[in-house]
Amino acid sequence: MSRRVFVSAGTDFHRFDRLMRWVQDWAVDHPEATVVVQHGNSTPPRGCENLDMLTIEEMADQLGRADVVVVSCGPGAVMAARSAGHKPVAVARVDGEAVDDHQVAFSRLLVQHDIAHVAAGERELHDLLDRAMADGSEFRCELPSEEPPEAAAVFGALVDRLVSGR
């Protein structure tokens with residue numbers, strides 16, 4: 001059975017060629033997997049289906065079709081993956097791949113709260129992808145409820161009151 005891996009480097013103007021090399025090396029060794037990569041400004045990896053930038057709708061489509069998701073360790077990318085039912089593999093941008101190392105600090109929170117798998121190195125990423133190919137269950141999460149959390153509902157009601165002038 002062919003498994004579909006979706007990788008997103010995000011839309012940052014900084015290149016994320018390190019992640020692209022890691023994905024390329026894994027994809028070459030796993031021709032049975034379909035690897036789709038949104039590479040943005042990074043060098044497109046060989047052996048993958050490469051996409052430059054995606055609209056929100058295209059991103060949602062790719063997330064919906066994927067068996068496993070790898071993202072740069074930005075909050076938006078991680079939460080988009082989780083909203084599609086994935087517990088993603090996140091890779092933090094470091095050393096000039098972003099404006100600072102904020103993604104490293106965020107990656108620690110992701111692990112602490114069991115929100116995402118985090119790969120700090122190439123071997124770790126390859127091991128996580130191998131595990132996902134063998135049994136993807138630990139790379140899935142419950143879809144968020146259609147109902148907003150109580151705090152969001154209260155906040156929404158307050159905003160509605162404020163806007164309506166009451």
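Just a few scattered comments:
- Among the residues of region 69-78, those that are under 15 Å from Thr11 (Cβ atoms) and either of a type in the set (A, V, I, L, M) or outside any helix (DSSP H, G or I) (or both) comprise Val71, Ser72, Cys73, Gly74, Ala77, Val78.
- Test: residue in region 66-75 that is surrounded by fewer than 18 Cβ atoms within 10 Å (Cβ to Cβ) and at pLDDT below 95: yes
- Verdict on Ala152 being modelled with pLDDT under 90 and over 23 Å from His39 (Cα atoms): yes
- Pick from region 30-46, criterion part of a loop (DSSP other than H, G, I, E, B) and under 15 Å from Arg3 (Cβ atoms), ranking: nearest to the chain's Cα centre (by Cα): Ala33
- Pick from region 68-100, criterion in contact (Cβ under 8 Å) with a residue 60 or more places away in the chain and of a type in the set (Lys, Arg), ranking: farthest from Val37 (Cα to Cα): Arg82
- Per the listing Glu138, Glu97, Glu57, the residue uniquely over 19 Å from Ser2 (Cβ atoms) and not in a helix (DSSP H, G or I) is Glu97.
- Ala157 being modelled with pLDDT of 95 or more and in a helix (DSSP H, G or I): no
- Residue pairs whose Cβ atoms lie under 6 Å apart, sitting 6 or more positions apart in sequence or on different chains, and linking a residue in region 120-131 that is under 14 Å from Pro88 (Cβ atoms) to a partner that is of a type outside the set (Asp, Glu) and buried (at least 16 other Cβ atoms within 10 Å of the Cβ), are Leu125/Trp22; Leu125/Ala119; Leu128/Val89; Leu128/His117; Leu128/Ala119; Leu129/Trp26.
- Only one of the listed residues (Gly121, Gly85) is out of contact with any Phe, Trp or Tyr (no Cβ under 6 Å at 6 or more places or on another chain), at pLDDT 85 or above and surrounded by 12 or more Cβ atoms within 10 Å (Cβ to Cβ). That residue is Gly85.
- Summed over region 23-44, residues that are surrounded by fewer than 23 Cβ atoms within 10 Å (Cβ to Cβ) and over 20 Å from Pro75 (Cα atoms) total 13.
The values are calculated or read from the model by the stated rules, or taken from the named source; none is laboratory data. Predicted, not measured: the structure shown is a model, and the values here were computed from it. All Cβ positions, glycine included, derive from the backbone under ideal geometry; neighbour counts span all protein chains shown.
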